[in-house]
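To start, the structure itself, in C-alpha cells.
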Amino acid sequence: MTLRIATRRSPLALWQAEHVRALLQQRHPGLAVTLVPMTTSGDRQVEGTLLGGKGWFVKELEEAMLENRADLAVHSMKDVPARQPAGLALAAFLPGEDPRDAFVCNRHKSLRELPAGARVGTSSLRRQSQLRAERPDLQVSELRGNVGTRLSRLDEGKFDAVLLACAGLARLGQGARITEPLAVERFVPAIGQGVIGIECREDDARTRELVGALNDAVSATRLAAERAMNAKLGGSCTVPVAGHAVIKGGRVKLTGLVAAPDGSRLVKESAEAPAADAAALGATLAEGLLKAGADAILRAIGVAV
C-alpha cells in the first residue's frame, strides 16, 4: 500500500509533509508514502488581503482527496476552516509546538521599542487587529508570501518588523530570528496555531487507522475547544477571530477573542471546563463573546452569526 500526501509547495508545508511521512514510516515499517505537491489559491494570490472566502490554503488539497488523487493532506491547523467539506475528516493532530506569535525585527528588541510610524508587515487580520489595538501609532501593512519571502522583505528594509508564527520559524530552522515571542495572553493566537493536522477521506478506514496512530490526545482536546468556538463564530483564516486552549489537570481553559480589523475594539473572554467537555466549552464561550459585542464586529465585516 502506498499513501499519497497532498501538500502545498511552500518550504514550511513540505517540511510538515516530510515530517508526517517520517512519522508514518516509523510507526508503520515498510509503508510507502509519497508526496503530491500542489499550489493553492492562497499561494497564487500573493498580493492583497485574502477576503470573501474560506480555505484558501486547503481547498485544492481537499479536492485532490475527494477525487482520489491523494489519500491524506497535511495542514497547519490555523489554515483550516471551522467546517470541513462533506466526505472528509480530520484523522489526527500532532503534539502542539509553540503557539505564540513572533515579533521579528533587526534593529529593535521588542514590539514596545518600535518607534512611532514604524512599518510592520503581516498577512493575518487577527495579528493586524491586535497590533493596531496595542500600537495604533504604527503603520500596519499587508505582507504575504512564504516565511522566507517575508524575512527577505524585512532584511531588504521594506519593513521595520514582521509578525510570524514561532512554530513555523522553528520548524524551518529560523528560530534564532525570533526577536520577541508574544505571550498568548497579550496576542491571542490563531485557532490551532502550532498544531499540524492530518485530513483524509471519511470512508477511507485503512488510511484513518494508519494516521490515527499519530494522534495526540492533548492536541485533539485543545482543537475540539478552539474549533467549536470558531465554528460558532463563523471563523476562518480570513476573519479576525483568535482562540487558545490550555489543558491542565484534566481541565481545559479556553480564551477567545474577536477583533475589529482596525483594532478599535477587542472582545475577549475566557472560561474553563472538564477536558471531556472541550467542544461544549468552545460553543459556550462563543455565545459569551457574541453577547459581549462580537456579533456587531462580525456583522460589520460581513460574517453571518
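The values are calculated or read from the model by the stated rules, or taken from the named source; none is laboratory data. These figures come from a predicted structure and were not determined experimentally. Positions of Cβ are generated from backbone atoms using ideal geometry, with glycine treated the same way; all protein chains shown enter the neighbour counts. Calculation scope for accessible area: heavy atoms of the full protein, side chains included, ligands and nucleic acids excluded. Shrake-Rupley method; radii C 1.70, N 1.55, O 1.52, S 1.80 Å.
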Legend entry - Rounded percent of accessible protein surface that carbon and sulfur make up, the chain, 1.4 Å probe: 50 percent
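Write down the accessible area per residue of the chain in Å², having rolled a 1.4 Å probe over the full set of protein chains. It would help to have the intermediate numbers written out before the result.
Numbers: 12750 Å² over 305 residues.
With all protein chains present, the chain gives 42 Å² per residue.
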Inset, instruction - Run through the DSSP bridge list for the chain and note the antiparallel percent, rounded to the nearest 5. - result: 70 percent
Legend entry - Charge tally in the Cβ shell below 11 Å around P181, where Lys, Arg are +1 and Asp, Glu are -1, P181 excluded: -1
Inset, instruction - Would you calculate the volume per residue, in Å³, of the smallest convex hull containing every Cα atom of the range 198-245? - result: 91 Å³
Inset, instruction - Can you tell me how much longer the chain between H19 and E202 gets when fully stretched, taken as 0.36 nm per residue apart minus their C-alpha distance, in nm with one decimal? - result: 63.6 nm
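Using the crude model of +1 on Lys and Arg Cβ and -1 on Asp and Glu Cβ, and no other charge, please compute the dipole size for the range 216-305 relative to its Cα centre, in debye to 20.
Taking the Cα centre of the range 216-305 as origin, the dipole is about 80 debye.
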Legend entry - Percent of Cα-Cα distances greater than 19 Å, calculated over the range 53-105: 36 percent
Legend entry - Share of alpha-carbon pairs per 10 Å distance bin for the range 181-305, given as whole %: 13, 41, 31, 13, 2
Inset, instruction - For the range 60-155, compute Rh as the Kirkwood radius over C-alpha pairs and then the Stokes-Einstein diffusion coefficient at 4 °C and 1.567 mPa s; write the answer in µm²/s, rounded to an integer. - result: 79 µm²/s
Legend entry - 10 Å binning of all Cα-Cα separations within the range 163-240, expressed as whole percents from 0 upward: 14, 36, 36, 12, 1
Legend entry - For the range 88-226, the fraction of alpha-carbon pairs in successive 5 Å shells from zero, as %: 2, 10, 18, 19, 16, 11, 9, 7, 5, 2, 1, 0
Inset, instruction - Report the charge-dipole magnitude of the chain in Debye, nearest 20, computed about the Cα centre from +1 at each Lys and Arg Cβ and -1 at each Asp and Glu Cβ. - result: 400 debye
Legend entry - Protection-proxy order for peptides 224-232, 194-202, 296-304, each taking the mean of Cβ atoms within 10 Å per residue, highest first: 224-232, 194-202, 296-304
Inset, instruction - Taking a cut-off of 25 Å between Cα atoms, list the lysines near K253, but don't count ones fewer than 8 places away on the same chain. - result: K78, K232, K268, K291
Legend entry - Cα pair count fraction exceeding 36 Å, expressed as % - the chain: 14 percent
